[in-house]
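The values are calculated or read from the model by the stated rules, or taken from the named source; none is laboratory data. What you see is a predicted model; the values in this text were computed from it and never measured. Using ideal geometry, Cβ is built from the backbone for each residue, glycine included, and neighbour counts are taken over all protein chains shown. Calculation scope for accessible area: heavy atoms of the full protein, side chains included, ligands and nucleic acids excluded. Shrake-Rupley method; radii C 1.70, N 1.55, O 1.52, S 1.80 Å.
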Amino acid sequence: MNLIEAGKLAYEYIIRDEEDNVTEILRALDGVDLQVGQGDFVAILGHNGSGKSTLARHLNALLTAEEGTLWIDGKDAMDAGNAWDIRKSTGMVFQNPDNQIVAGVVEEDVAFGPENLGIPPIEILKRVAKSLHAVGMSEYRRHSPNRLSGGQKQRVAIAGVMAMEPKCIVLDEPTAMLDPSGRKEVLDAAERLNREKGVTVILITHYMEEAVRAGRVFVMDQGKVVMQGTPREVFSQVEELRGYRLDVPPMARLAHELRKEGLRLPEGILTRQELVEALCRLS
Amino acid sequence: MSIILNKVYYSYEEKTAFEAQALKNVSLTIEDGEFVGIIGHTGSGKSTLAQLLNGLLCATSGGVYYNGRDIYESDYDKKELRGKVGLVFQYPEHQLFGTTVFEDVCYGPQNLGYSQKETQLRAFGALRSVGLPETCWYHSPFALSGGQKRLAAIAGVLAMGPEVLVLDEPAAGLDPKGRDEIFGLIGKIKEESNRTVILISHSMEDVADHVGRIVVMDHGSVLLDGAPGEVFLRYKELERAGLAAPEAVYLMRDLRERGFLVNEKATTLAEAKASILEAFS
Amino acid sequence: MATLLYLLSLFLFRNAAGVAAATLWLFFLVRLSKVPFRYMVRGLRAIVMILALTAAFHLFLTPGETLVVIGKLTVTKEGAQNAFFLSIRLIYLILGSSVLTLTTTPNQLADGMEKALRPLQKLHVPVHEISMMMSIALRFIPILIEEMDKIRKAQLARGADFESGNLWKRVKAMVPLLIPLFVSAFRRANDLALAMEARCYRGGAGRTKMRPLRYRKADHAAYLVTAAYFAAAILLR
């Protein structure tokens, strides 16, 4: 069985005005089907408001769907009583680095999760050291998070999740508030955890360059999964992606436009090297 | 009309243990009607520079001249300067406070001492120029969507009628479409009013297509200054400053190395496309 | 070291007559904490102005037996006394609390408090929750101060004026600062609550600690010594 198995998942936000009358019902998830296997690296793409963050919150049992089925690590996520166990299996990193660090010292923050799980102190110390090492933040363990850069804070947040030893880690737009070097730091850390520790990574983002690193990409729009496949398959659909308010990597876009002008380039070009090679073969 | 920075230095927490030099010997002239991008990675001094332009920060040494006048003269009206050099901060939606969007937009012109009528006319004009639908003008700004909040905040600065518009990372946190929309809007505002517009960003790709001039900041100094095409050709220096030229520049380089006669000065995707089509057909 | 020792030492400045005892005590604490003395004195520099001002106020404005007259200002005996004790008290307060903040992280402080108040739990006082709130507050104060500064600058850029006008005008000028600040604090609180929940937080029950505070002999001794000092201070009053 897959680690995450979602079928026809639906969730609605009910918006009320001041007199408590329902003014609008937003169907944030509208029949989502999703399968993620153990050890996968998956990216979920979508514009703001496409429902991708709502989906993320279901994977961590912070929200419980109204319709459909959702199994996470063999546990039924439709039963709110399983929430605590599910959160042990799937950790979550949020967008704003400042608002998810609880403690005033890096290592104390990383210890927060395992402390909640009731792990014995000696084991916590071990896990904290290991997790900080895994994200390359060991030398900052005694620092205050306030003096760290955005990328460093996010790596601390990842370590905080890793110390709970989950099977899967969901990153909900972890780089949206970072500069390019911070973005790279965070993605490298996530990729390494996936490759070296076999942790399942679900990356929620609207940056195409980041999604390219994943093994599989899901595209969401209006609460539905509208496209899925390898990055190559998804990013060759330039027009379709544009329709979903998304971009394509610049070289894929250029290759697409050159093809439209009559150059006989193959489909699925993503990187500069690929485009150069393809152009060389043309002449 | 112009902004001139002459040998500007700026240090944070001067004369304490935490002293940090944010700007070192920056000299820069920005002419009226220019569209300038100031690029640098975090800590390069670009945001400090923005706050010097409207007098929010005072240079530790050196001079800033607006339209020929020294803004550090004791009788210079700083408030008036802030009305003329409108600064839109990063995540400007975090400054919204009014009970309605309209009231919030009126805050700027009110502070500058305009009459009620003039204030309202300016607010209407600003809201219209950012394209916020009329239906939400009298709603609470907190009920708007993320993108709309940002437009309302930009309108709040535009309503002061600035001659120069400075925007610090206007697209931060937006999705690709939202980013294109906001840059489209800035381009439109620039065209309609022919104001001076200064974009501050860490992303070359975002800014390259829009501006006429790029100033690259590194460690508090101006590293490069020129037209995008010229600046991007010096990608080796950019890389040393933790930045990169747009992909198109590298593509042109790679193709030339393989012996194709493509235009080495192409920096945008459109230019690259034209050049490749010419070379390959 | 025993966190609680420092915590309790903060209360010691209630009495003024036992200056000598307080001095000895502080000296003892500083030695114990192994914080370089010079480092602590540097912390004092920041408050020199406030110190001088309050001292001057007391010096000149306390009515009583006249000692010296300088122009229109009269120094009274009571005033001199007040000024002296007040300065000493302020200095010791700063030194004492810097011993605390230099040796103890906010979380340790909260843990220490939680442990000390543990007996109250039997009376259904939510001790864990209180200390958790305290450590979160300590973590977010610098963030909110920074945020306040950003908002202030953003409103200044929109022509705001926080410095001129009468009191009422100034209070009104604060509205554009405070509303965004509260909105942001609420947003952060929401985010943080969600993040804590996602990391399996569900209150104090069943929680362990990475470095549990276990009272060693030294800590029990510290309690005793502190109690003795307290008694002495009250007697010497």
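Comparing A:Ile14, A:Ile86, A:Ile202 in a Gaussian network model of chain A where C-alpha atoms under 10 Å apart are linked, the largest mean-square fluctuation is found at A:Ile14. Each 10 Å bin from zero holds the following percent of Cα-Cα pairs in chain B: 6, 26, 32, 22, 10, 3, 0. Annotation: B:His41 carries an accessible surface of approximately 60 Å², with a 1.4 Å probe and no ligand, DNA or RNA atoms counted.
Given R₀ = 25 Å, FRET efficiency for B:Asp75-B:Asn6 by Cβ-Cβ distance, to 0.05?
Values: r = 20 Å, r/R0 = 0.79.
Efficiency for this residue pair is about 0.80.
Within the full protein context, the accessible area of A:Glu261 is estimated at about 110 Å² for a probe radius of 1.4 Å.
For the residue pairs A:Lys130/A:Lys153; B:Lys24/B:Lys149; A:Lys184/B:Lys46; A:Lys75/A:Lys184; A:Lys184/B:Lys265; A:Lys224/B:Lys149, the C-alpha atoms sit more than 24 angstrom apart in B:Lys24/B:Lys149; A:Lys75/A:Lys184; A:Lys184/B:Lys265; A:Lys224/B:Lys149.
Using the Kirkwood radius over Cα pairs, work out the Stokes-Einstein diffusion coefficient for region A:65-198 at 4 °C and 1.567 mPa s, in µm²/s as a whole number. Before the final figure, lay out each step's value.
Working: Rh = 15.3 Å.
In µm²/s, the coefficient rounds to 85.
Chains A and C: buried accessible surface, both sides, probe 1.4 Å, rounded to 100 Å²?
Values: alone 13980 and 16740 Å², together 27640 Å².
Summed over both sides, the interface buries about 3100 Å².
A simple spin-label model places pseudo-atoms 7 Å from Cα toward Cβ; at A:Ser181 and A:Glu66 they are separated by 4.8 nm.
By a 1.4 Å probe calculation restricted to protein chains, C:Glu146 has an accessible surface near 110 Å², given to the nearest 10.
Placing pseudo-labels 7 Å out from each Cα toward the beta carbon at A:Arg281 and B:Ser115 gives an inter-label distance of 7.3 nm.
Taking label positions 7 Å along the Cα-Cβ direction at both A:Asp79 and B:Asp32, the computed distance is 7.5 nm, reported to one decimal.
How many partner chain Cβ atoms sit within 10 Å of a residue's Cβ in peptide B:174-181, on average, as a whole number?
Numbers: counts 4, 14, 13, 8, 5, 2, 2, 1.
Per-residue shielding by partner chains comes out at 6.
Taking 0.36 nm per residue of sequence separation and removing the Cα-Cα distance, the A:Arg27/A:Thr230 pair yields an extension gain of 70.3 nm.
If you take each beta carbon of peptide C:156-168 and count the beta carbons of other chains within 10 angstrom, what is the mean?
Details: counts 9, 20, 20, 17, 7, 3, 0, 0, 0, 0, 0, 0, 0.
Averaged over the peptide's residues, the number is 6.
Shielding of peptide A:122-134 by partners, expressed as the average count of other chain Cβ atoms within 10 Å per residue Cβ, is 1.
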